[in-house]
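A.B. asks: Quick one: the structure is below, and I'll ask about it shortly.
The values are calculated or read from the model by the stated rules, or taken from the named source; none is laboratory data. Computed from a predicted structure; not experimentally measured. Here the Cβ positions follow ideal geometry from the backbone for every residue, glycine too, while neighbour counts run over all protein chains shown.
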Amino acid sequence: MNDSLIIAGRVFHSRLLMGTGKFASPQQMKEAMEASGAEIVTVALRRVELENPQDSILSIIDPGKYLLLPNTSGARDAGEAVRLARLARAAGCEPWVKLEVTPDPHHLLPDPVETLKAAETLVKEGFVVLPYMPADPVLAKRLEEVGTAAVMPLGSPIGSKQGLRTRDLLEIIIEGANVPVVVDAGLGAPSHAAEAMEVGADAVLVNTAIAVAGDPQAMAEAFKKGVAAGRQAFLAGIGRPQRMAEASSPLTGFLR
Amino acid sequence: MEFYHELQKYPWDEVEAWIESRTASHVETAVGTQPMQLENFLSLLSPAAEPFLEEMAQCSHRLTEQRFGKVINLFAPLYLSNVCTNRCAYCGFNADNPVARLTLTPEQVETEAKFIHEMGFRHLLLVSGDSPHIVTMEYLHAVLEKLRPLFASISIEIFPLDGGAYCKLIEHGVDGLTVFQETYHEDRYRDFHLSGKKRDFRWRLGTPERGGDAGFRRLGMGALLGLCNWRVEGFFLGLHARYLLRTFWKSHVSISFPRLRPAAGAYVPPSPVSDANMVQLLTALRLFLPDAGMVLSTRESPVFRDHLVPLGVTSMSAGSRTEPGGYAHDSDAEPQFEVADERPPRVVAEMIRSKGYDTVWKDWDPAFLHYSKAG
């Protein structure tokens, strides 16, 4: 079965994206990346020295194996995010960017207005833009309209590991989306990732739950399986929960 | 509303009496409560909480790991000048002390900075005594010109300035402001600060607010531990930090724990703070403010610092020299305080990694600020 994730024309076999923050060591991060099967990994531009070939994070990400997706984490407004994205491209990164505009440095909740503004500018400049966003169906459509390559609504506050607290809104976003929907932030367990895939998300992004697990490598593998199971169930067709019982051998079946 | 008015709602003696009246059952309720109200915070600061240090430490560890990850940020201080017009009873820079005074030229600052950069640091804290006639805005601009290419983040810990001056410093590439209140006890404050501009309690207290208004991305604060009852000091520190977090919601707020330690020939702190007290203060603040950064300097001993790594600390200095010119120059200038942890940054980083934490040397980018050429 060919079930690939396609973003901006590029084909990926894994539907698990991984973040690289919060790990106890670059080595642990590397092992977790390998175990996760991820092909897209995000890196905070503020954490790395792009011009330094010995940078502790960049030096261990094999560009042949992973698409390095720089993110603009720390940007307070559209201007800052745009500047950072340009800087990454100028330093030789591919023109892909995970757009994060999070004026509040504690809960890192995305600013919808500034995110939309920045997305519009970056798309015009030729970037492939993947915006981190609140789970707002209208905003998802607005971002799609300005040309983002995907939308990345949050499942619950970042790092909170609370799972799909925004499930009802995510379902509306997924139903209406013409671009891949990547559920980002708040997924604390493989079951959360599976749930996101079951409701029809195209992919998920996980960081904290893997990075601060007792065994990050094992947790990365568990997420890989959760994502695969959820996707398989989605493709197999999940019956919706119903209020009334439905007999598998109906009594009036003979009338049909 | 200015924080000064908030402060006045809580008379020192009443807070002290309230803390003393807490019992074990108050503490038990408080430890697991999130979000935490002021009342519970007071319980965690009380003598009744002392038997619960392990529980508090476990909670603090979990919360910190969830919010900040398994990482410790590293930074280094660079002392520009030890010339000072203040007479602070506890400080090596006290104007009355007949010691060698030195203000680095911008060229000397650059040499020091290159040395610090070579050690791996990308976050720098500029420190100076209170000497606005020497450390002028022009001087600071000249210094920043030299430093900007070398560091991802530059913070200042110098004498309080007005909002306009802070705006200018931000334009020149400073992203963080640190100022310690020393003590929140307004009357005792005047006993410790005998003369100079620093005697003005309210001017100093309002400094983080002027900095927040100006747009600093990081606000650092702290009380000098040892001057007054640390439990009450801790309460006001938490209250102040919460005020700053709520008012300047786009800025990081971090708390430092400068502790005066009894030492031969040095200033004898009137209210000494033990290691256990420090742990109680740090973990209580973490439980009250899960998002605040916690900073530990080289004032503390290697053994104590090593043990504090998993308890809620998010940021540490290492290899610090607290006299101007101390890194790359043969300096005889008086240090601000005696460094207790003299290990080179490389060794401190190794220790941090051995505890299961990654060391973060860069967690900011100058491109965020508007002066960036990339824009």
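A.B. asks: Quick check on my filter: what residues within region A:13-39 are modelled with pLDDT under 95 and assigned to a strand (DSSP E or B)?
C.D. replies: Scanning region A:13-39 gives a single hit, A:GLY19.
A.B. asks: What pairs come out if I take residues in region A:207-224 that are touching a residue at least 40 places away in the same chain (Cβ under 8 Å) and pair them with residues that are surrounded by 20 or more Cβ atoms within 10 Å (Cβ to Cβ) and among the aromatic types (Phe, Trp, Tyr) whose C-beta lies under 6 Å away, six or more apart or interchain?
C.D. replies: The qualifying pairs are A:ALA211/A:PHE23.
A.B. asks: Now, a different point. Being within 14 Å of chain A (Cβ to nearest Cβ) and either within 18 Å of B:SER271 (Cβ to Cβ) or of a type in the set (Ser, Thr, Tyr) (or both) narrows it down to one residue among B:THR247, B:THR178; which is it?
C.D. replies: The match here is B:THR247.
A.B. asks: Farther than 22 Å from B:LEU225 by Cβ and surrounded by fewer than 16 Cβ atoms within 10 Å (Cβ to Cβ): does that describe B:GLU171?
C.D. replies: Working: farther than 22 Å from B:LEU225 by Cβ: yes; surrounded by fewer than 16 Cβ atoms within 10 Å (Cβ to Cβ): yes.
Judged against the criteria, B:GLU171 is a match.
A.B. asks: Still on this structure: For region A:83-92, give me each residue that is more than 8 Å from chain B (Cβ to nearest Cβ) and either in a helix (DSSP H, G or I) or at pLDDT 85 or above (or both).
C.D. replies: A:ALA85, A:ALA88, A:ARG89
A.B. asks: Let me ask something additional. Condition first: closer than 17 Å to A:ALA44 by Cα, among the hydrophobic types (A, V, I, L, M, F, W, C) and either in contact with a Lys or Arg (Cβ under 8 Å, 6 or more places away or on another chain) or part of a helix (DSSP H, G or I) (or both). Now tell me which residues in region A:98-117 satisfy that. Explain how you work it out, then say what you get.
C.D. replies: Of region A:98-117, the ones closer than 17 Å to A:ALA44 by Cα are A:98-110, A:115.
Within this subset, residues satisfying the condition of being among the hydrophobic types (A, V, I, L, M, F, W, C) are A:99, A:101, A:108-109.
If the condition is that a residue be closer than 17 Å to A:ALA44 by Cα, among the hydrophobic types (A, V, I, L, M, F, W, C) and either in contact with a Lys or Arg (Cβ under 8 Å, 6 or more places away or on another chain) or part of a helix (DSSP H, G or I) (or both), then A:VAL101 is the only one that fits.
A.B. asks: Would you say A:ALA194 is assigned to a loop (DSSP other than H, G, I, E, B), crowded, with 20+ Cβ neighbours inside 10 Å and not polar (S, T, N, Q)?
C.D. replies: no
A.B. asks: Filter region B:148-177 for residues that are of a type in the set (A, V, I, L, M) and touching a residue at least 60 places away in the same chain (Cβ under 8 Å); which is farthest from B:ALA241 (Cα to Cα)?
C.D. replies: Initially, region B:148-177 is screened for residues of a type in the set (A, V, I, L, M), giving B:150, B:152, B:154, B:156, B:158, B:161, B:165, B:169-170, B:174, B:177.
Filter once more, keeping what is touching a residue at least 60 places away in the same chain (Cβ under 8 Å): B:152, B:158, B:170.
Values: B:ALA152: 25, B:ILE158: 19, B:ILE170: 22 Å.
Top of the filtered list is B:ALA152.
Residues checked against (1) at positive phi; (2) crowded, with 24+ Cβ neighbours inside 10 Å:
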{"position": "A:LEU108", "(1), (2)": "yes, no"}
{"position": "A:THR121", "(1), (2)": "no, no"}
{"position": "A:LYS124", "(1), (2)": "no, no"}
{"position": "A:ARG142", "(1), (2)": "no, no"}
{"position": "A:VAL151", "(1), (2)": "no, yes"}
{"position": "A:GLY155", "(1), (2)": "no, yes"}
{"position": "A:LYS161", "(1), (2)": "yes, no"}
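A.B. asks: Looking only at region B:1-26, which residues are within 24 Å of the chain's Cα centre (by Cα) and among the hydroxyl-bearing types (Ser, Thr, Tyr)?
C.D. replies: B:TYR4, B:TYR10, listed by residue number.
A.B. asks: Sticking with this one: Just need a number here: residues in region B:27-45 that are at pLDDT 95 or above and within 23 Å of the chain's Cα centre (by Cα).
C.D. replies: Result for region B:27-45: 4.
A.B. asks: Among the residues that make up region B:142-163, is at least one of them away from chain A (no Cβ under 14 Å), part of a loop (DSSP other than H, G, I, E, B) and within 30 Å of A:LYS22 (Cα to Cα)?
C.D. replies: no
A.B. asks: Can you confirm whether region A:45-53 contains a residue that is of a type in the set (Val, Ile, Thr), part of a helix (DSSP H, G or I) and over 17 Å from the mean Cα position of the chain (by Cα)?
C.D. replies: no
A.B. asks: Find the residue count for region A:213-225, including only residues that are touching a helix residue (DSSP H, G or I) at 6+ places or on another chain (Cβ under 8 Å) and surrounded by fewer than 24 Cβ atoms within 10 Å (Cβ to Cβ).
C.D. replies: Number satisfying all stated conditions: 8.
A.B. asks: Follow-up. If I filter region B:358-374 for residues that are touching a residue at least 12 places away in the same chain (Cβ under 8 Å), away from chain A (no Cβ under 14 Å), crowded, with 19+ Cβ neighbours inside 10 Å and not aromatic (Phe, Trp, Tyr), do I get at least one hit?
C.D. replies: No: region B:358-374 contains no residue that is touching a residue at least 12 places away in the same chain (Cβ under 8 Å), away from chain A (no Cβ under 14 Å), crowded, with 19+ Cβ neighbours inside 10 Å and not aromatic (Phe, Trp, Tyr).
A.B. asks: Here are some residues: B:GLU338, B:GLU334, B:GLU342. Which one is charged (D, E, K, R), closer than 30 Å to B:ALA95 by Cα and at pLDDT 90 or above? Give the derivation first.
C.D. replies: On the way: B:GLU338 fails: at pLDDT 90 or above; B:GLU334 fails: at pLDDT 90 or above.
Criteria check complete, one pass: B:GLU342.
A.B. asks: While we're looking at this one, here's another question. Just for region A:1-55: of the residues that are over 25 Å from A:ASP215 (Cα atoms) and of a type in the set (Lys, Arg), which one is nearest to the other protein chains (Cβ to nearest Cβ)?
C.D. replies: A:ARG46
A.B. asks: If you go through region A:93-102 one residue at a time, do you hit one that is over 19 Å from the mean Cα position of the chain (by Cα) and facing another protein chain (nearest Cβ under 10 Å)?
C.D. replies: No: zero hits.
A.B. asks: Mind listing just one residue for me: the one in region A:60-80 that is more than 9 Å from chain B (Cβ to nearest Cβ) and of a type in the set (A, V, I, L, M, F, W, C) and, of those, farthest from A:LEU143 (Cα to Cα)?
C.D. replies: Among those that are more than 9 Å from chain B (Cβ to nearest Cβ) and of a type in the set (A, V, I, L, M, F, W, C), it is A:ILE60.
A.B. asks: Do you know which of the residues in region B:313-330 that are modelled with pLDDT of 95 or more and of a type outside the set (A, V, I, L, M, F, W, C) is nearest to B:GLY92 (Cα to Cα)?
C.D. replies: The selected residue is B:SER317.
A.B. asks: Continuing with this model, one more query. Looking for whichever is more than 15 Å from B:ILE170 (Cα to Cα), out of contact with any helix residue (DSSP H, G or I) (no Cβ under 8 Å at 6 or more places or on another chain), within 14 Å of another protein chain (Cβ to nearest Cβ) and not charged (D, E, K, R) here; the options are B:ASN82, B:ASN73. Which one fits?
C.D. replies: On the way: B:ASN82 fails: within 14 Å of another protein chain (Cβ to nearest Cβ).
One residue alone meets the criteria, B:ASN73.
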